[in-house]
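Novice: One structure, pasted below without further comment.
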Amino acid sequence: MKPSNTIMEKLLEKSDMLIANTKLPHKRRVQGNINHEWQMNGIYGARGVGKTTMLLQTLKELKKQGKEVLYVRLDDIHFADNKLYGLADEFRKNSGEYLYLDEVHKYQGWSRELKNIYDSMPALKIVFSGSSIIELTKQEADLSRRALMYSLPGLSFREYLLLSDTIHLPVYDFSDILTSHNSIAVEISTKIPVLKYFKQYLKSGFYPFFLEKKRDYLLTLEQVIRTVIEVDFLHIEQFDSSKSKQILSLLKVVAASAPFIPNISKIGNKTGLHRQTILLYMNYLEKAGLIKMLNYPHRSISRLQKPDKLFLDNPNLFFALNPGIVNTGSLRETFTVNQLSVKHEVDLHKEADFLVDDKYIIEVGGKNKEGYQVSGLDNAFLFLDDIEVGYKNRIPLWLLGFLY
């Protein structure tokens, strides 16, 4: 069934209303410079990190330039009786130029139809977004040669400060932080009470919905977690929906202990899940942006092998999943892994905490940490909490929040 003009008008009206109500003044950037003039781009990321807002902001800019745009969620009731291809064709015939498709993983057969749209409508610019749970380019239709893929992480500490209108500061390369951290930290800490804001960020600053002041942040985050497990996981091929409660139990086990060396037998006893099922669901939870699995360097590991250490994905998750007991050391290590992993390869280290890019050795701790773990090691650095400015290889931990 092809959409009628009346249906198209209603979809355009809905799209225009959403675009008009998008007022966030600061626009986030995906990792990499997205080319909006390329015929097809894909954006993936964890639920709640701001993919929809970013799409609507871009369309708002395009509308101001006089472009014909349309934003559609693929879980819209319209698609109960209509095909995506028919919508795209009708939009093109009505002078449509930019078609932005959200929640694509909720539309069965989306990749095949996108391939057909790409091949038969070369003038139409398409951006699609979906959950990081789904490997968006590895569907039954090959989009890898057609779509350029970009990821959107949660907010860095720098972005948190920017979106809250606290201060606008640049991104710093990791190498710059290692060599020039003193001057960078002095410049920033003389402008704002950086440690105060950093503590706020660790608890409730990783997701952009912190800007919605009427929302209870941690309650919203808890709802996001449940939606990922109870709704988004259903779009994974052959996922057993009856396991949702056990997966939530698995996540809470991680939250109560992370970071920790996983004992699969003990986790199985607590959750009632079999070994292979636990490892498979850990893989899903990592793709969903809820946990992070790390290994020692140069270890070849499949998705059904036990990781060397388990972390929550970001510090905010501790306060939503295990609010009664939030360990400061766990927060520090989780923040370190989370921020570094966006642009760098992070592995475990036998003597210190982490090895970055197979070169830099990092130990994380509080301001009084002596650093004997890294004594005598080349390219070794201490990233310390509760200090505004560092000295030599003692670097403020919060500076890792300026990498993107």
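Novice: If you compute Cα extents along the principal axes in Å for the structure shown, which of [x] 69, 43, 36; [y] 57, 53, 38; [z] 70, 52, 41 do you land on?
Specialist: [z]
Novice: Can you pick out the pairs among Lys60/Lys252; Lys309/Lys367; Lys23/Lys243; Lys64/Lys115 whose Cα atoms lie more than 32 Å from each other?
Specialist: Lys60/Lys252; Lys23/Lys243
Novice: Given H placed 1.01 Å from N in the peptide plane, which residues other than close sequence neighbours of Phe128 have an amide H under 5 Å from its amide H?
Specialist: Counting only residues 5 or more places away or on other chains, the set is Asn41, Gly42, Ile43, Leu101.
Novice: How long is the gain from Glu97 to Asp357 if the chain were fully straight, where each residue apart is worth 0.36 nm and the alpha carbon distance is subtracted?
Specialist: Full-extension gain reported as 89.5 nm.
Novice: What do you get for the angle between helix 217-230 and the principal long axis of the chain? Use alpha-carbon atoms, 0 to 90 degrees, nearest ten.
Specialist: The angle comes out near 60 degrees.
Novice: In what sequence, highest mean first, do 143-150, 316-323 appear when ranked by Cβ atoms within 10 angstrom?
Specialist: Result, highest mean first: 316-323, 143-150.
Novice: For segment 240-343, divide the Cα radius of gyration by the Kirkwood radius and give the resulting Rg/Rh value with two decimals.
Specialist: Looking at segment 240-343, the ratio lands at 0.94.
Novice: Between segment 184-207 and segment 314-369, what's the alpha-carbon centroid distance in Å?
Specialist: Spelled out, the Cα-based centre of one part sits 17 Å from the other.
Novice: Accessible area of the chain with a 1.4 Å probe: how many percent of it is carbon plus sulfur?
Specialist: Carbon with sulfur: 47 percent of the solvent-accessible area.
Novice: With bins 10 Å wide starting at 0, give me the P(r) of segment 117-222 over every alpha carbon pair, in whole percents.
Specialist: Spelled out bin by bin, segment 117-222 gives 11, 29, 24, 23, 11, 2 percent.
Novice: Could you size up the charge dipole of segment 325-404 around its Cα centre, putting +1 on the beta carbon of Lys and Arg and -1 on that of Asp and Glu, and report it in debye to the nearest 20?
Specialist: 180
Novice: Mind ranking Tyr197, Tyr44 by accessible surface for me, highest first, 1.4 Å probe?
Specialist: Tyr44, Tyr197
Novice: Return the sequence-ordered ³J(HN,Hα) values of segment 379-387 in whole Hz as given by the Karplus equation 6.51 cos²θ - 1.76 cosθ + 1.60 applied to θ = phi - 60°, using x for Gly and Pro.
Specialist: 6, 10, 9, 9, 9, 10, 7, 6, 10
Novice: Just to verify a number: what accessible area does Thr190 come out at with the full protein assembly present, 1.4 Å probe, Å² rounded to tens?
Specialist: That residue has around 110 Å² of solvent-accessible surface.
Novice: Can you tell which of Met293, Pro323, Leu310 lies farthest toward the positive end of the dipole of segment 276-374, using +1 and -1 charges on the Cβ of basic and acidic side chains (Lys, Arg; Asp, Glu)?
Specialist: Checking the options against the dipole of segment 276-374, the answer is Pro323.
Novice: Please build a GNM for the chain, connecting alpha carbons under 10 Å apart, and tell me which residue among Phe239, Phe128, Phe335 fluctuates the most.
Specialist: Sorting by GNM fluctuation, first place goes to Phe239.
Novice: Mind ranking 378-384, 364-370 by how tightly packed they are, going by the mean number of other C-beta atoms within 10 angstrom, highest first?
Specialist: The densest-packed peptide leads the list: 378-384, 364-370.
Novice: Tell me the volume per residue, in Å³, of the convex hull enclosing the alpha carbons of segment 1-127.
Specialist: 113
Novice: Where does the charge balance sit around Ile229 when Lys and Arg score +1, Asp and Glu -1, over other residues with C-beta under 15 Å from its C-beta?
Specialist: Overall, the nearby charge balance is 0.
Novice: Tell me, what ³J(HN,Hα) does each residue in segment 73-90 have, in order and in whole Hz, if you take phi through Karplus 6.51 cos²θ - 1.76 cosθ + 1.60 with θ = phi - 60° and put x for Gly and Pro?
Specialist: These are the phi-based 3J(HN,Hα) values: 8, 7, 9, 5, 4, 3, 7, 5, 10, 9, 9, 4, 4, x, 4, 4, 5, 5 Hz.
Novice: Taking 0.36 nm per intervening residue step and subtracting the Cα-Cα distance, what contour gain separates Thr179 from Asp142 on full extension?
Specialist: Gain on stretching Thr179 to Asp142: 8.9 nm.
Novice: At 1.4 Å probe radius, can you tell me the per residue accessible area of segment 1-92 in Å²?
Specialist: Per residue, segment 1-92 has 53 Å² of solvent-accessible surface.
Novice: Suppose the chain between Lys343 and Gln65 were pulled fully straight at 0.36 nm per residue; how much longer would it get relative to their current alpha carbon spacing?
Specialist: 96.8 nm
Novice: Name the aspartates and glutamates eligible as straight-distance cross-link partners of Lys93: C-alpha to C-alpha under 19 Å, and not fewer than 8 places from it in the same chain.
Specialist: Glu9, Glu13, Asp16, Glu68, Glu113, Asp119
Novice: To check my understanding: the extent here is largest minus smallest coordinate of the Cα atoms along each principal axis. What are those three numbers for segment 15-56, in Å, largest first?
Specialist: 26, 23, 18
Novice: Continuing with the same structure: Compute a Gaussian network model of the chain, connecting alpha carbons closer than 10 Å, and tell me which residue from Arg332, Arg275, Arg215 fluctuates the most.
Specialist: Greatest mean-square fluctuation among the candidates belongs to Arg215.
Novice: Measure off 7 Å from each Cα along the Cα-to-Cβ vector at Asp386 and Asn269, then give the distance between these two points in nanometres to one decimal.
Specialist: With each label placed 7 Å out from Cα toward Cβ, I get 3.5 nm.
Novice: Helix 5-20: angle to the longest alpha-carbon principal axis of the chain, degrees 0 to 90, nearest 10?
Specialist: 30
Novice: Which of the peptides 341-351, 107-117 is most tightly packed, and how do the rest follow, judged by the mean count of other Cβ atoms within 10 Å per residue?
Specialist: Highest to lowest by the protection proxy: 107-117, 341-351.
Novice: Step through the residues of segment 362-372 one at a time and calculate ³J(HN,Hα) from phi using the Karplus curve (6.51 cos²θ - 1.76 cosθ + 1.60, θ = phi - 60°), rounding each to whole Hz and writing x for Gly and Pro.
Specialist: Running phi through 6.51 cos²θ - 1.76 cosθ + 1.60 with θ = phi - 60° gives 10, 10, 10, x, x, 5, 9, 5, 7, x, 5 Hz.
Novice: Please determine, in degrees from 0 to 90 and to the nearest 10, the orientation of helix 328-341 with respect to the longest principal axis defined by the Cα atoms of the chain, where the helix direction is its Cα long axis.
Specialist: Computed tilt is about 50 degrees.
The values are calculated or read from the model by the stated rules, or taken from the named source; none is laboratory data. Computed from a prediction, not measured in an experiment: that's the story for all the values here. Virtual Cβ from ideal backbone geometry, glycine too; neighbours counted across all protein chains shown. Ligands, DNA and RNA are stripped out before the accessible areas are found, and what is left, the full protein with its side chains, is counted by its heavy atoms. Shrake-Rupley method; radii C 1.70, N 1.55, O 1.52, S 1.80 Å.
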